[in-house]
Amino acid sequence: MEMYVEQGESRRDCELKIAAKYNRPFQILREKNVYIGGFLGLFSKPAVQVEFCFSTPLRNPETGSGALMRQGNLEEAKRKVLAAASAASSNAANNSTRNVDWNNREIAANGKEAAQVILDSLNDLKKQIEQNNGKKEEHPAFVRVVELLKLNDFSDRYIKRMLDRMRKELSIEQLEDLVFVQDVLLEWIGESINIYDDNLLSRNKPFGPVSLRRPKIMILIGPTGVGKTTTVSKMAAIYGIGTNEIPAIDVKLITIDGYRICAKEQLESIGMIMRIPVAYVGDKQSLRAEIDIHREDTDLFIIDTIGKSPKDASRLGEMKEILEGAGRDAEYHLVVSASTKTSDIESIIQQFEPFNYKSVILTKMDETDHIGNLISALAEKRKSVSYITIGQGMPEDIRRASVVHFLINLEGFKVNRQKIESRFPSGDADQFRWK
């Protein structure tokens, strides 16, 4: 659109005239000095040509009044703008040949520019509409699922996978039943938790009975401060001392941690209390010799290692070389604190990959309020979990991990215990809540 005003009038005067005439929101595109009126170019007056376009927001098509929001109407609007620009150009050309109004040529040219501005605006609007069309309003069941998963700190990738599965597997009728959706979600979360099948433990009890044909060698690795030595002590108490359910077996503790102050002495003190032998080795040959010497009279070797930063590749390499003395049958278990940040958990899991560890042991479960980040990280890296621990007590604060251990400690869910027990046998989960 355009309007002509006298030279000398302010921009504000022009805006007031446009507003008074059309009573619609608008945007001024450009201003240009021209001559208007007169006859055959004579007696014309100087003026200002003001080009503008209306900026009334396009309404949602669902309200029944915003036709341009629809894809077809956008294309139609674009065709009309191009046609108007073309017509203005033709008229200007014809008028110029008749030598009637030379200013029409300028008007036509400016009309083309204005048309292009409008087309650009329409194209931008089209992109916005396409983006908005991709964000359809979700069913309340999806909204509730996102709320529950975010409440428990599940990762965005994990949440997306769950939503995608809902869209593929649940009908509209099923989505209407939020209790059913929550039960299904719990089951899917349980399916994503991989429990390590440790042949040292029965499947129906947290520990034992034990049946070994040859010594089992368990090596605990992980960063500094995650509770490796404490976990070694708890496992030694369970297997070395025994319980009402588990007969004691012959356990030997080995540490290669000669760097940490009093690390060797700490483990020796624990071994003395439990009457379990403890040895320190500093190289691969010594480790191999220690295992070979005691192979015949030991059922279980538990090896404590040096706490290393996962970013310290050279030190991790040195430790790996020492541990090769344990032989090919040794099982590595990565110890991770449950209070570790999600990004750090993923980094730790990745950096310790060269050890080809069998499972993850989660410690300090009582020091975290939400466990979705743990479940997410383990599921995304396809890692199993073998043990979970809480507190500093022994031996009651360590258990073989079960799916139910995790599910009953999720927040916001109404757990149908009988249903998840039938789906995921839990052992002693009732006695091992950490909240």
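The values are calculated or read from the model by the stated rules, or taken from the named source; none is laboratory data. Keep in mind that what you see is a predicted model, and the values were worked out from it rather than measured. Here the Cβ positions follow ideal geometry from the backbone for every residue, glycine too, while neighbour counts run over all protein chains shown. These accessible areas exclude ligands, DNA and RNA; they are computed on the full protein's heavy atoms, side chains included. Shrake-Rupley method; radii C 1.70, N 1.55, O 1.52, S 1.80 Å.
If R0 equals 51 Å, the separation of the Cβ atoms of V143 and D312 corresponds to a calculated FRET efficiency of about 0.70. Can you figure out the FRET efficiency of S343 with A289, using R₀ = 51 Å and their beta-carbon distance, to the nearest 0.05? E(calc), rounded to 0.05, equals 0.80.
K383 exposes around 40 Å² of accessible area when a 1.4 Å probe is run over every protein chain in place. Where Lys and Arg each count +1 and Asp and Glu each count -1, what net charge lies around I420 among other residues with Cβ under 12 Å from its Cβ? After counting each charged neighbour, the total is 0.
If one computes P(r) from the Cα atoms of segment 319-391, what percent of pairs lie at distances over 22 Å? Roughly 24 percent, once rounded to a whole number. Sorting the segments 283-292, 145-154 by their mean number of nearby beta carbons within 10 angstrom, highest to lowest, gives 145-154, 283-292. Solvent-accessible surface of segment 316-358, averaged per residue with a 1.4 angstrom probe and all protein chains in place: 46 square angstrom. Figure note: T389, T230 ranked by solvent-accessible area, largest first, 1.4 Å probe, ligands and nucleic acids not counted: T230, T389. Accessible surface for K381 stands near 80 Å², nearest 10, in the context of the full protein assembly shown (1.4 Å probe). For the residues D13, D304, a 1.4 Å probe over the protein chains yields an accessible-area ranking, largest first, of D13, D304.
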